[in-house]
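Here the structure is laid out as structure tokens; the discussion comes afterwards.
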Amino acid sequence: MFNLNELVRPNIRDLVPYSSARDEFKGTARVYLDANENSLGSPLMKWYNRYPDPLQWAIKEKLSLIKGVDPRHIFLGNGSDECIDVLIRTFCEPGIDNIVLVPPTYGMYEVSASINNVKVKKVPLTADFQLDLPALEEAVDDFTKMIFLCSPNNPTGNSLDRGAVEALLNNYFGLVVIDEAYINFSRQRSFVADLAEYPNLVVLQTLSKAWGLAALRVGMAFSSAEIIGLMNKVKPPYNINQASQDLVLKALDEVEQVNEMIRVLVQERQRLEKELPGLPVVQKVFPSDANFLLVKVADARRVYEYLLNKGIVVRDRSSVVLCEDSLRITIGTEAENTELLDALKQFN
Ligand code: PMP
């Protein structure tokens, strides 16, 4: 059975986290002499001399309405990259525990694990980029603290079969982390709706993709209040700065504008999905639920260099398992996509 107390690192379970001045004092006062800030002000706006809310409640309240999740089930990180790192540091004992990855997938899971001296076990996806459940069952051992899944997956673009993910959630009693960075570009239902059902589920999302806020560095983890509480103990106290918090609060009012951008990007993705396969240089366009396409070509290195010569930079994923001779191409503006198509048409 799932047992959070056994899963978490003992030092984190027993940790008394840093308590910031603003954490200890929750009321309103007139005179703040508790945090050694600059009482005179700042060269910028008035409130930038003060430390930000460590738990970012104003943002979580707004996200709660958008996502249909209680604010206590939300963790905010300095990008979802920080959520990944905090998860690993909360649950994995360096040199002892391991995580399981399903390549080809997002690179930071392995980098974060390696920085923390946490072993990585790899169970490649099948040829159609789906989970290999028997191999996963084989790979998991008593020291496997979490399995990272990415759906829609980077760099392949496809969503993982829902039934297979549910099978993992039901049969594996470590954490199942589902990275949904690209979920807004897909028709799949988010696993955020299933949090109550699975105590071992962590869903990651980000404001860096559909929301168009990559520069602000804000990522989200959704999970049980207990898991979120542990992650809050581990994160740096002020991990989301006040400038980002201010701008995110403003941006979260623009759901309609974001939905319109998603609509345009999906439409552009469909145009590229239709037109790219007709070009001699293109061998295969993999189906995508994201804002990028994985495209197999005859000689990826040559095509990459050719495009670069024309000022167009894409990502060569040839070195990645199951992605031989494949380029990952982000969906651009209509004009950028047309420029890409024209350039590829002229390749010989
Ligand atoms: N997860 C996936 C699958 C990604 O592709 C990326 C960004 N490339 C991230 C997480 C990290 O996003 P963030 O900007 O929120 O750190």
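Just to confirm my numbers, what's the Cα centroid distance between region 1-68 and region 243-300 in Å?
Value for the Cα centre distance between the two parts: 35 Å.
Mean projection of the alpha-carbon convex hull of region 1-43 over all orientations, in nm²?
5.8
Hey, got the Cα dimensions of region 134-181 along the principal axes, in Å, largest first?
Principal extents (Cα only, largest first): 31, 18, 16 Å.
Of all beta bridges DSSP finds with both residues in the chain, what is the antiparallel percent, to the nearest 5? Please list the in-between numbers first.
On the way: 18 of 35 bridges.
Close to 50 percent.
What residues have an amide H closer than 5 Å to that of N154, excluding those fewer than 5 places away on the same chain, when H is modeled at 1.01 Å from N in the peptide plane?
Long-range HN contacts for N154: Y106.
Taking amide H atoms as placed 1.01 Å from N in the peptide plane, list the residues 5 or more away in sequence, or in a different chain, whose amide H sits under 5 Å from that of Q283.
For Q283, the qualifying residues are K296, V297, A298.
For region 13-20, just list the computed ³J(HN,Hα) in residue order, Karplus coefficients 6.51, -1.76 and 1.60, θ = phi - 60°, integers in Hz, with x standing in for Gly and Pro.
Coupling constants for region 13-20: 4, 8, 5, 8, x, 4, 10, 7 Hz.
Which of the GluC sites (Glu not before Pro) found in region 291-348 are loop residues per DSSP with 15 or fewer other Cβ atoms within 10 Å of their Cβ? Don't jump to the answer; show the numbers that get you there.
Values: sites: E305, E324, E334, E336, E339; in loops: E324.
Answer in residue order: E324.
Taking the Kirkwood radius as the inverse of the mean 1/r across Cα pairs, report the Rg/Rh of region 77-187. Numbers along the way, then the final one.
Working: Rg = 13.2 Å, Rh = 14.1 Å.
Here the Rg-to-Rh quotient is 0.94.
Jot down the radius of gyration and Dmax of region 152-299, Cα atoms only, both in angstrom.
Cα only, region 152-299: 17.9, 54 Å (Rg, Dmax).
At what distance in nm do the modelled label points of K284 and V120 sit from each other, each positioned 7 Å from its Cα along Cα→Cβ?
About 2.3 nm separates the two model spin labels.
In region 231-262, whose amide N lies under 12 Å from the spot 7 Å out along Cα-to-Cβ of S42? List them in ranges.
In region 231-262, the label zone of S42 (backbone N under 12 Å from the point 7 Å along Cα→Cβ) covers 241-247.
Helix 300-309 sits at what angle to the longest principal axis of the chain, using alpha carbons and giving 0 to 90 degrees rounded to 10?
Result, in degrees: 80.
Which whole-number value in Å³ per residue fits the convex hull of the alpha carbons of region 1-152?
Numbers: hull volume 28.7 nm³, N = 152.
With only Cα atoms used, region 1-152 gives 189 Å³ per residue.
State the three equivalent ellipsoid semi-axes of the chain, derived from the C-alpha gyration tensor as the square roots of 5 times its eigenvalues, in descending order and whole Å. Provide the component values of the computation, followed by the final result.
Numbers: eigenvalues 269, 148, 61 Å².
Value: 37, 27, 17 Å, ordered largest first.
Leaving out ligands, DNA and RNA, and with a 1.4 Å probe, what % of the accessible surface on region 1-83 is carbon or sulfur?
Details: 3060 of 5470 Å².
Taking all protein chains in place, region 1-83 shows 56 percent carbon and sulfur surface.
Using the Karplus equation 6.51 cos²θ - 1.76 cosθ + 1.60 (θ = phi - 60°), what ³J(HN,Hα) coupling, rounded to whole Hz, does each residue of region 277-286 give in order, writing x for Gly and Pro?
Whole-Hz 3J(HN,Hα) from phi for region 277-286: x, x, 8, x, 6, 8, 9, 7, 10, 7.
Can you work out ³J(HN,Hα) from phi for every residue in region 88-100, in order, using Karplus 6.51 cos²θ - 1.76 cosθ + 1.60 and θ = phi - 60°, giving whole Hz and x for Gly and Pro?
Here the 3J(HN,Hα) series is 5, 6, 6, 10, 10, 7, x, x, 10, 7, 9, 10, 10 Hz.
In percent, how large is the relative contact order of region 256-345, given Cα pairs closer than 8 Å and 6 or more residues apart?
Numbers: 124 pairs, mean separation 25.6, N = 90.
Worked out over region 256-345, it gives 28 percent.
Starting from 0 in steps of 10 Å, tell me what percent of the Cα-Cα pairs of region 179-242 lands in each bin.
So the P(r) values, bin by bin, are 19, 45, 32, 3.
List, largest first, the extents of the alpha carbons of region 256-345 along their principal axes, each in whole Å.
40, 27, 21
How much area per residue is accessible in the chain when the probe is 1.4 Å and only protein heavy atoms are counted (Å²)? Intermediate values should be presented prior to the final figure.
On the way: 16950 Å² over 348 residues.
Result: 49 Å² per residue.
Cα-based Rg of region 21-97 per 2.2 N^0.38 Å, rounded to two decimals?
Numbers: Rg = 16.9 Å, N = 77, 2.2 N^0.38 = 11.5 Å.
That ratio works out to 1.47.
Could you check how much of the accessible area of region 256-345 is carbon and sulfur, as a whole percent, using a 1.4 Å probe?
On the way: 2390 of 4820 Å².
Whole-percent figure for carbon plus sulfur exposure: 50.
The values are calculated or read from the model by the stated rules, or taken from the named source; none is laboratory data. No experiment lies behind these values; they were computed from the predicted model shown. Backbone-built Cβ (ideal geometry, glycine too); neighbour counts: all protein chains shown. Just so you know, the surface numbers come from the protein's heavy atoms only, side chains and all, with ligands and any DNA or RNA stripped out. Shrake-Rupley method; radii C 1.70, N 1.55, O 1.52, S 1.80 Å.
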